[in-house]
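Before any comments, here is the structure.
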Amino acid sequence: MAAQLSHAGSPYANLIGFVDGTVQIICRPGGEKNETNQLDQEDVYNGHIRKHTLNFLGIALSNGFLLINGPYEGRRHDAA
């Protein structure tokens, strides 16, 4: 992939993949926060889109593999 992108004019000679974050909207969590229910509404509320969400990070590698990491709380930013 690095050679193909370099040939196409990319300034990055050692590029091995692409990183992207995605947001999955979920239902509002109910119940109280305790040992059995660790998911609190404030933890998963995304103020940017004003919904309860979980965030996932995906990495597409040059050999065709797709790595998915997460879920992360909805209030966390992609860069955090």
Quiz item: Is segment 28-37 home to any residue that is open to solvent by 70 Å² or more (accessible area, probe 1.4 Å) and at pLDDT 75 or above?
Solution: yes
Quiz item: Of TYR45, TYR12, TYR72, which residue is of a type in the set (Phe, Trp, Tyr) and modelled with pLDDT under 80?
Solution: TYR12
Quiz item: If the Cβ limit is 8 Å and pairs must be 6+ apart or interchain, which residue in segment 25-50 that is over 10 Å from GLU73 (Cα atoms) and part of a loop (DSSP other than H, G, I, E, B) pairs with which residue that is of a type in the set (Lys, Arg) and at pLDDT below 75?
Solution: GLY47/ARG75
Quiz item: Counting just the residues of segment 2-23 that are in contact with a Phe, Trp or Tyr (Cβ under 9 Å, 6 or more places away or on another chain) and closer than 18 Å to GLY64 by Cβ, which one comes out most open to solvent (accessible area, probe 1.4 Å)?
Solution: LEU5
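The values are calculated or read from the model by the stated rules, or taken from the named source; none is laboratory data. Given the structure is predicted, the values throughout are model-derived calculations rather than measurements. All Cβ positions, even for glycine, are placed from backbone atoms using ideal geometry, and neighbour counts span all protein chains on display. The protein model used for the area step is the full one, side chains on, heavy atoms only, and it has no ligands, DNA or RNA in it. Shrake-Rupley method; radii C 1.70, N 1.55, O 1.52, S 1.80 Å.
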